[in-house]
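Here the structure is laid out as structure tokens; the discussion comes afterwards.
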Amino acid sequence: IYLAIRYRLAMSITAIIMLILDGLAMLSVVALCRIPVGISLMGSLAVTLLFSMLCSTFLFVSMYKNFRKLDWQSKTLRNATIETAEQNRTILLIFAAIIGILLGGITIIAGFFIRVAADLFGFALSTFLGLAITCTNTIFLTPILFYSIQQSFDSIKIKKGKQIYLAGKDLTLQKEKR
């Protein structure tokens, strides 16, 4: 909702689709790796979804700033979107690495003091997988999806504009006939 109000509707739709995709991808990989399901998986899913929203918001804020720059306005939407994603790739990967290292450190320290190491290991492993999936999707899939959605919106606006223009022309012709 914030992205739709502050920036563009296509950005918010893309963020919601990527949120669902990241959650489903993380759950699929967890199922394939046969990580035990429990309360830790729900926590891991929550961390993954939060990270997905943060990454999408960060990428879209950067896109919005770039789109407003004069030297970027001459670029096509496709090129501007891809270049913005490439600019932010390193920042997103560093952010994921920091979260992963902190999470791993907390898990190792807690594993020494608490006797539920298996549950913590499942949480840490599924969260690492979720972070990797979210980073990959944000860097590679989000710009493509945003470009496709924005292009669809633009084509709808163009069609509506032509219809309004043609409707106005018809009214003018009818007035002239009278």
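The values are calculated or read from the model by the stated rules, or taken from the named source; none is laboratory data. Note that this is a predicted model, so its numbers are computed, not measured. FYI the Cβ positions are ideal-geometry reconstructions off the backbone, even for glycines, and counts take in every protein chain you see. Ligands, DNA and RNA are excluded from the accessible area calculation, which covers all protein heavy atoms including side chains. Shrake-Rupley method; radii C 1.70, N 1.55, O 1.52, S 1.80 Å.
Details
- Meets criteria (at pLDDT 85 or above, part of a helix (DSSP H, G or I) and open to solvent by less than 70 Å² (accessible area, probe 1.4 Å)) for Leu145: yes
- For the stretch 3-33, filtering for residues that are of a type outside the set (Val, Ile, Thr), over 15 Å from Thr127 (Cβ atoms) and surrounded by 13 or more Cβ atoms within 10 Å (Cβ to Cβ) leaves 13.
- Flag if Ile109 is open to solvent by 10 Å² or more (accessible area, probe 1.4 Å), over 20 Å from Leu145 (Cα atoms) and at pLDDT 85 or above: no
- Residue within the stretch 81-88 that is open to solvent by 70 Å² or more (accessible area, probe 1.4 Å) and within 22 Å of the chain's Cα centre (by Cα) present: yes
- When residues of the stretch 62-78 are limited to those that are surrounded by fewer than 16 Cβ atoms within 10 Å (Cβ to Cβ) and of a type in the set (A, V, I, L, M, F, W, C), the one farthest from Cys135 (Cα to Cα): Leu70
- Residue match in the stretch 34-51 (condition: touching a residue at least 60 places away in the same chain (Cβ under 8 Å), outside any helix (DSSP H, G or I) and open to solvent by 40 Å² or more (accessible area, probe 1.4 Å)): yes
- Restricting the first member to the stretch 1-28 and to residues that are under 12 Å from Phe146 (Cβ atoms) and assigned to a helix (DSSP H, G or I), and the second to residues that are open to solvent by 40 Å² or more (accessible area, probe 1.4 Å) and among the hydrophobic types (A, V, I, L, M, F, W, C), the beta-carbon pairs closer than 8 Å and six or more apart or on different chains are Leu9/Phe153; Ala10/Phe153; Ser12/Ile1; Thr14/Leu145; Ala15/Met53; Ile17/Leu145; Met18/Leu141; Met18/Leu145.
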